[in-house]
1. For a 25 Å ceiling on Cα separation, which of these pairs sit above it: K31/K53; K9/K31; K28/K124?
2. Using only the alpha carbons of the range 1-89, what is the convex hull's orientation-averaged projected area in square nanometres?
3. By the scheme Lys and Arg +1, Asp and Glu -1, what is the net charge of all other residues having a beta-carbon under 10 Å from that of V71?
4. What's the extension gain from N92 to S119 if we count 0.36 nm per residue and subtract their Cα-Cα distance?
5. How much length is gained on full extension from K36 to K60, taking 0.36 nm per residue of separation minus their Cα-Cα distance?
6. Could you tell me which of the pairs K36/K86; K50/K86; K27/K55; K27/K86 are separated by over 25 angstrom between their Cα atoms in the structure shown?
7. What's the ranking of 90-97, 15-22, 47-54 by average number of surrounding C-beta atoms within 10 Å, highest first?
8. If you look at just the Cα atoms of the range 3-150, how large are its Rg and its Dmax in Å?
Amino acid sequence: VEETYVMVKPDGVQRGLVGEVISRFEKKGFKLTALKLFQCPKELAEEHYKDLKSKSFFPKLINYITSGPVVCMAWEGVGAVASARKLIGATNPLQAEPGTIRGDLAVQMGRNVVHGSDSPENGKREIGWTYKMTQDTSIVEVPCRLRTQRHKPVRRV
Ligand code: GTP
Ligand code: MG
């Protein structure tokens with residue numbers, strides 16, 4: 001069965017959208033096989049987005065992804081990779097269809113709430129980083145709670 005990696009980005013965690021994201025994947029019918037609250041180290045963020053290294057927004061992207069804890073998940077199911085991308089919606093939330101996570105919950109490309117693997121191979125690779133590299137304690141044992149406490153509180157209006 002296919003498995004994909006889905007990550008609630010720091011803005012999604014900070015805005016309290018973890019449950020909403022999980023709920024959409026559960027309702028679709030996928031099976032949650034792993035989950036972790038995780039502070040992404042800079043080196044891993046750079047590896048994750050290495051294909052975008054030449055882009056002008058790359059430093060901002062790395063800054064964004066490492067700005068607070070993320071929630072990493074593995075979801076299993078038939079066609080999970082492509083289906084997750086559909087549920088997530090277009091990269092630019094203003095172009096994402098209503099009914100998708102980004103279409104319903106985001107407005108900015110640089111704050112688009114969630115990541116989903118773009119191929120089964122990348123899904124395996126990305127799941128491996130966060131869950132199966134347990135021997136690498138520098139990656140697994142980062143104290144997320146301390147980071148959360150230092151993180152800027154959500155602005156209330
Ligand atoms: P991910 O699921 O996060 O990988 O997004 P994606 O597959 O829909 O898009 P892509 O891999 O091309 O880009 C990765 C991330 O970089 C996006 O989710 C955005 O957060 C960010 N990004 C992509 N293009 C732009 C851009 O033109 N401007 C800015 N500010 N951010 C961008
Ligand atoms: Mg991508």
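1. K31/K53
2. Working: hull surface 23.8 nm².
Mean shadow area of the hull around the Cα atoms is 6.0 nm².
3. Working: positive: K9, K36; negative: none.
Neighbourhood net charge equals +2.
4. Stretched fully, the N92-S119 segment lengthens by 7.8 nm.
5. Details: separation 24, 0.36 × 24 = 8.64 nm, distance 2.39 nm.
This chain segment gains 6.2 nm when fully extended.
6. With Cα atoms farther than 25 Å apart: K27/K55.
7. So the order, starting with the most tightly packed, is 15-22, 90-97, 47-54.
8. Considering the range 3-150 through its Cα atoms, Rg and Dmax are 14.4, 41 Å.
Just so you know, all these numbers are worked out from the coordinates, no wet-lab data involved. Values in this document were obtained by computation on a predicted structure and should not be read as measured data. Note that each Cβ is placed from the backbone with ideal geometry, even for glycine, and that neighbours are counted across all protein chains shown.
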